[in-house]
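Enquirer: Shown below is the structure under consideration.
The values are calculated or read from the model by the stated rules, or taken from the named source; none is laboratory data. Values in this document were obtained by computation on a predicted structure and should not be read as measured data. Virtual Cβ from ideal backbone geometry, glycine too; neighbours counted across all protein chains shown. Each accessible area value is taken on the protein alone, full model and side chains, heavy atoms only, with ligands, DNA and RNA left out. Shrake-Rupley method; radii C 1.70, N 1.55, O 1.52, S 1.80 Å.
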Amino acid sequence: MTELAIIGGSGLTSLRCLEVTRREVVYTPYGEPSGPLTHGTLCGKAVVFLPRHGYGHTIPPHMINYRANLQALKQIGVKKVVAVAAVGSIRADLVPGSIVIPDQIIDYTWARAHTFFEGGDTPVTHIDFTHPYSAELRALLLKGCANAGLACSSQATYGATQGPRLETAAEINRMERDGCDIVGMTGMPEAALAAELGLAYATCAVVANMAAGRGAETISMVEIEYNLKQAMENVRTLLEHVIPLI
C-alpha cells in the first residue's frame, strides 16, 4: 500500500527519477480525479503522483474536482500528501524562484465543492482548521530544503483566489492588508478536504512571479513559464531529499 502522494501543480506534471510501476484509474462517489494515479518508486520509497490540472495541464483551477482527487488518494490508502503549487509573491523578499512552506491560508474562492459533509443522511460535521497544514510534514519539507541546500521561507500565509484570471493590484493590496504573503488558485478547498479525510497535508509553494502591483507594470506569462521551469528543478531536488524522510 502506498501511503505518500504528491500532487503536482503548474510546472510539475511529472517527477524526475520516478520509476513508474503502473497507472491506476480510480472512480469515486464524487466523480473522476484529474487523471489516472501514477504509482512508482522515488528514492526507494513507494509514491503516487497526481497532477491536479491533468497530465496535459488542461483543467483550470476553478474546475478541478478537488473532492475526487483527495477521495481517490484516500481510497487507495494514502495517508500523507505533499502538494506542490505555483504562486505569486506579495512580499518583497519572496522573489521568483523562492520556495515557500506556508503555515496558514485564507480562502477567497467561491462556488467550489468545498466539503464532503453536505447534509442529507450525514450529520453536521465541523473540523478544527486552526492549523491547516500538517506540522510534521512541514517540518520534513523544511528539513529537506536544508539537506538539499535550498533556501526557503518557513512562515507565510497563502491567499487562495478563484482564478483563472490573475488578480488586480487593488485585490493584492487587500490581501496584503489581510496578512497574505503569497497568492495562488488551488490551495483551497484542497487543504480543507484533506483535513476532512484525515490526511496529513502540506504545501510546497514555488514563487512564479511577483503579484499584481508588486513588480513590473504587467505580468508576463512567458516570464512565469520560464521562472517555473527553473524553479521546479529545485522542487524536484527537494522532493528527492524529503521523500526518504517521510
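Enquirer: Which condition number in (1) basic (Lys, Arg); (2) farther than 23 Å from THR157 by Cα; (3) surrounded by 23 or more Cβ atoms within 10 Å (Cβ to Cβ) is the one that LYS79 fails?
Expert: Evaluating LYS79 over (1) basic (Lys, Arg); (2) farther than 23 Å from THR157 by Cα; (3) surrounded by 23 or more Cβ atoms within 10 Å (Cβ to Cβ) leaves (3) as the failure.
Enquirer: Another one. Look at region 90-103 and say how many of its residues are of a type outside the set (Lys, Arg) and more than 13 Å from the chain's Cα centre (by Cα).
Expert: Taking region 90-103 and keeping what is of a type outside the set (Lys, Arg), we get 90, 92-103.
Next cut, more than 13 Å from the chain's Cα centre (by Cα) only: 90, 92-98.
The number of residues fulfilling the criteria is 8.
Enquirer: Which ones in region 8-28 are open to solvent by less than 60 Å² (accessible area, probe 1.4 Å), out of contact with any helix residue (DSSP H, G or I) (no Cβ under 7 Å at 6 or more places or on another chain) and at pLDDT 90 or above?
Expert: GLU24, the sole residue that qualifies.
Enquirer: Return the total of residues in region 157-166 being in contact with a Ser or Thr (Cβ under 7 Å, 6 or more places away or on another chain) and either open to solvent by 30 Å² or more (accessible area, probe 1.4 Å) or farther than 19 Å from PRO60 by Cβ (or both).
Expert: Final tally of qualifying residues: 0.
Enquirer: Out of region 53-74, which residues are open to solvent by 40 Å² or more (accessible area, probe 1.4 Å) and part of a helix (DSSP H, G or I)?
Expert: HIS62, MET63, LYS74 - these are the residues of region 53-74 that are open to solvent by 40 Å² or more (accessible area, probe 1.4 Å) and part of a helix (DSSP H, G or I).
Enquirer: Among the residues of region 40-52, which ones are open to solvent by 10 Å² or more (accessible area, probe 1.4 Å) and in contact (Cβ under 8 Å) with a residue 24 or more places away in the chain? Steps first, please.
Expert: So the first thing to find is which residues in region 40-52 are open to solvent by 10 Å² or more (accessible area, probe 1.4 Å), and the list is 41, 43-46.
The answer is CYS43, GLY44, LYS45, ALA46.
Enquirer: Return the residue satisfying two criteria in turn: it lies in region 42-52 and is at pLDDT 90 or above and out of contact with any Gly (no Cβ under 7 Å at 6 or more places or on another chain), and of such residues it is farthest from ARG22 (Cα to Cα).
Expert: Filtering first and then ranking leaves ALA46.
Enquirer: Here's a follow-up. Just wondering, is there one or more residues in region 133-143 that are touching a Phe, Trp or Tyr at 6+ places or on another chain (Cβ under 9 Å), assigned to a loop (DSSP other than H, G, I, E, B) and surrounded by fewer than 15 Cβ atoms within 10 Å (Cβ to Cβ)? Steps first, please.
Expert: Applying the first criterion (touching a Phe, Trp or Tyr at 6+ places or on another chain (Cβ under 9 Å)) to region 133-143 yields 133-134, 137.
Keeping just the survivors that are assigned to a loop (DSSP other than H, G, I, E, B) gives 133-134.
Those still in the list that are surrounded by fewer than 15 Cβ atoms within 10 Å (Cβ to Cβ) too: none.
Checked against the condition, which is being touching a Phe, Trp or Tyr at 6+ places or on another chain (Cβ under 9 Å), assigned to a loop (DSSP other than H, G, I, E, B) and surrounded by fewer than 15 Cβ atoms within 10 Å (Cβ to Cβ), region 133-143 yields no hits at all.
Enquirer: With respect to the numbered conditions (1) closer than 15 Å to VAL95 by Cα; (2) open to solvent by less than 40 Å² (accessible area, probe 1.4 Å); (3) hydroxyl-bearing (Ser, Thr, Tyr), which one is the sole condition not fulfilled by SER154?
Expert: The number of the failed condition is (2).
Enquirer: Do we have GLY215 as under 20 Å from ILE99 (Cα atoms), over 17 Å from the mean Cα position of the chain (by Cα) and modelled with pLDDT of 95 or more here?
Expert: Values: under 20 Å from ILE99 (Cα atoms): yes; over 17 Å from the mean Cα position of the chain (by Cα): yes; modelled with pLDDT of 95 or more: no.
No.
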